[in-house]
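Encoded as structure tokens, the structure appears first; notes follow it.
The values are calculated or read from the model by the stated rules, or taken from the named source; none is laboratory data. Computed from a predicted model, the values in this text were never measured in an experiment. Heads up, the Cβs are rebuilt from the backbone with ideal geometry, glycines too, and the neighbour counts pull from every protein chain shown. Ligands, DNA and RNA are stripped out before the accessible areas are found, and what is left, the full protein with its side chains, is counted by its heavy atoms. Shrake-Rupley method; radii C 1.70, N 1.55, O 1.52, S 1.80 Å.
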Amino acid sequence: GNGFNGSSQSMVAWAWKAGGTVPTYNTTGSINSMVSTNANGGFSIVRYRGTGSTATIGHGLGATPEWIVVKALEATDNSNWAVYHSSVGNTKALKLSTNASEDDQDGYWNDTSPTSSVFTVKNYAVVNQSGKEYIAYCWAPKTGFSSFGSYTGNATAGRNITVGFQPDWILTKRTDANDNWRLYDSVRQHSNAFDLPAYINDASEGIYGSGAANNTGVTGVTSTAFTLGNGNLSNGNGHEYVYMAFKHN
């Protein structure tokens, strides 16, 4: 298909290694789950069947996840990807498939933060419809490899957001208003700068966004941080943002 192997089309893929081909049966939560876990990398894949009422689900990390993405595997609700981010908190959710601002509802996480063993879902169809199958991707921060946080934009070019390593993959999202998820990575660099955002919630934008380099979002990286430009893409003055950042391995 054109989305994966179109003739002469340029493709990019990002992959996280979990625990291998055989998942583990996890009975830690009130919903039993199938879990593939890479604790050293702070990443697990979790499959579970919804109950339609508040439940806990084992994630297998042995550390508290700070970023969780949940997707219904069957047609349900509007099939959004529900996102938990530690900087947004347990009372709200983001949606990876839309540009919407944070949604302040307890139907996602039951206003309950994840622990080192489980995360909680309530009764929204995007995370826990009775009898429906779900997949969840869970990340816990690992020193020198991954970082999840937030910042307030100041429209000042050259501002560094410290993550403690040189990032190869950076995702930002404004949370206080509707705005695109913007992804920057070391593979699609333009003149050795991280200045080609992929608007991952908007297929019409394509993987290169506007198709041209910009100096208003993420513009580069250092050995310990990513650098912001002076505009609204990822550094609008007074705007609130979350980020997810990873080193290549």
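Things worth noting here:
- Taking the Cα centre of the chain as reference, the dipole from Cβ charges on Lys and Arg (+1) and Asp and Glu (-1) amounts to some 540 debye.
- Carbon + sulfur, % of accessible area of the chain - ligands and nucleic acids excluded, 1.4 Å: 44 percent
- Net length gained if the chain between H248 and D176 were fully extended (0.36 nm per residue, minus Cα distance): 23.0 nm
- Options G153, F119, G58, ranked by Cα towards positive dipole end of the chain, top entry (Cβ charges): G58
- When Y184, Y199 are compared by accessible area at a 1.4 angstrom probe, the order from most to least is Y199, Y184.
- Span from the segment 119-138 Cα centroid across to the segment 13-89 one, whole angstrom: 9 Å
- Point-to-point label distance, N32-N237, nm (Cα→Cβ direction, 7 Å offset): 5.8 nm
- Fully extending the segment from T24 to R49, taken as 0.36 nm per residue of separation minus the present Cα-Cα distance, adds 7.5 nm.
- Percent of beta bridges antiparallel (DSSP, segment 1-67, rounded to nearest 5): 90 percent
- Cβ-derived FRET efficiency at R0 45 Å, D104 paired with Q166, nearest 0.05: 0.80
- Top of N154, N99, N237 by mean-square fluctuation, Gaussian network on the chain, Cα under 10 Å: N237
- Within a Gaussian network of the chain (alpha carbon springs, distance under 10 Å), most fluctuating of N40, N32, N230: N40
- Taking amide H positions as modeled 1.01 Å from N, with prolines and chain starts lacking one, the residues under 5 Å from S101 and 5 or more places away or on another chain are N178, D179.
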